[in-house]
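Let me begin by presenting the structure, written as structure tokens, before commenting on it.
Rule-based calculations on the coordinates, nothing more; no lab input. On a predicted model such as this, the values are computed, not experimentally measured, just so you know. No Cβ is skipped: glycine too gets one built from the backbone with ideal geometry, and neighbour counts run over all protein chains shown.
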Amino acid sequence: MRAIPPPQLTFTDVLNICVGSISCQTLTHKINAINPQLNNAVQDFDTKSATADLFQIQPFVGADKTVVIGQVTKEELKGLYTFQMVPAKKPARQYYDQIMMQAPLRICPFCGFGQVTTLDHYLPKAKFPLLSIFPKNLVPSCADCNKGKSAGIAKSKSEQCLHPYFDQGHFINEQWLFAEVIQTIPATIKYFVQAPNNWISTDKARVKSHFDDFKLAKRFCIQAGDEISNLRGELDIDFKINQQTGVEHALLKKHAGASLQHTNSWKTAMYQALAASAWYCRGGFK
Ligand SMILES: [Zn+2]
């Protein structure tokens, strides 16, 4: 998980451009008429995101054709995003692209390795249609993370996955992602979550929810498998020079490099576990 700066765009910027490009006048009028309610929803999001209480926002349970507020249906609110913000030729696409650029090197902040290809609605637009084009609800994401999370919505603080714009500080700087080496040929890496003891229980639960929601155990394991097969040749040289100690030092250096960049990345946890495994350093890497 990586923290990224929230977009500096205001909701009004995005709403005005989206509404301005709607071709149906009736729809334009209907959406303009609910402007106060839309702004209330956005303010509510701002208030609750400050205390990690977004789960308290009530989901909308009606079908697509159901009116959410005023005379505007869920389908029409979702359409603001799908038809006015996503298509390449629409003027609001500039905002879509701008939000995508919030992720450095276009790396997905949820998993920390996938390539950003889309925007994820932190609160899904199907359940929170009033927030379908709110910039702080839109997070650059890889396709797998975007698909992975859509299954359910958090019903408690503990069930909320991390939000890259708001969950910074200890979630980023303190280690909660760890791994262990499984003695197979080739070696495999098993990832797990172990939050610091002094964290409050909801924060501990949230990193676990994040890990589970995005199916990171399996996805990190695949990344690690690829890296481990690439390591073999390099570690062979280290082993020839200084046996187990040579391999251990090489892995410690790689761990130091990875952890300097990201405390909780699949690479940091993997190198930490590999360097600590006497079995691996003695020859398990072969
Ligand atoms: Zn991802």
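Taking 8 Å as the Cα distance limit and 6 or more residues as the minimum spacing, I'd like the relative contact order of the chain as a percentage.
On the way: 432 pairs, mean separation 52.0, N = 286.
With pairs under 8 Å counted, the relative contact order is 18 percent.
Apply the Karplus curve 6.51 cos²θ - 1.76 cosθ + 1.60, θ = phi - 60°, to the phi angles in the stretch 5-22 and return the couplings in whole Hz, x for Gly and Pro.
Computed from phi, the couplings for the stretch 5-22 are x, x, x, 8, 5, 8, 4, 4, 3, 5, 4, 4, 5, 5, 5, x, 9, 6 Hz.
Give me a comma-separated list of calculated 3J(HN,Hα) values for the stretch 177-186, in order, Karplus coefficients 6.51, -1.76, 1.60 applied at θ = phi - 60°, integers in Hz, x for any Gly or Pro.
9, 10, 8, 10, 8, 9, 7, 10, 10, x
Name the long-range amide H neighbours of Ile107: under 5 Å, sequence gap of 5 or more, or other chain; modelled H, no Pro or chain starts.
Val116
With angles folded into 0 to 90 degrees, how steeply does helix 216-261 sit against the dominant principal axis of the chain? Use alpha carbons for both and round to 10.
Once rounded, the angle reads 20 degrees.
Calculate how steeply helix 266-276 sits against the longest principal axis of the alpha-carbon atoms of the chain, using the helix alpha-carbon long axis, and give the answer as 0 to 90 degrees to the nearest 10.
Its long axis makes an angle of about 20 degrees.
Could you name the lysines whose alpha carbon sits less than 16 Å from that of Lys190, not counting residues in the same chain fewer than 8 places away?
Straight-distance partners of Lys190: Lys208, Lys215, Lys218, Lys267.
Tell me the net charge near Val61. Cut-off is 11 Å between Cβ atoms, Val61 excluded, with +1 for each Lys or Arg and -1 for each Asp or Glu. Display every interim value, and only then the final one.
Details: positive: Lys74, Lys127; negative: none.
Neighbour charge sum, excluding Val61 itself: +2.
For helix 74-84, report the angle its Cα long axis makes with the longest principal axis of the Cα atoms of the chain; keep it between 0 and 90° and round to the nearest 10°.
With both axes taken from Cα atoms, the answer is about 70 degrees.
For the cross-link pairs Lys157/Lys253; Lys147/Lys204; Lys48/Lys78, which exceed 32 Å when the distance is taken from alpha carbon to alpha carbon? Before the final figure, lay out each step's value.
Details: Lys157/Lys253 38 Å; Lys147/Lys204 24 Å; Lys48/Lys78 22 Å.
Distance filter (> 32 Å) returns Lys157/Lys253.
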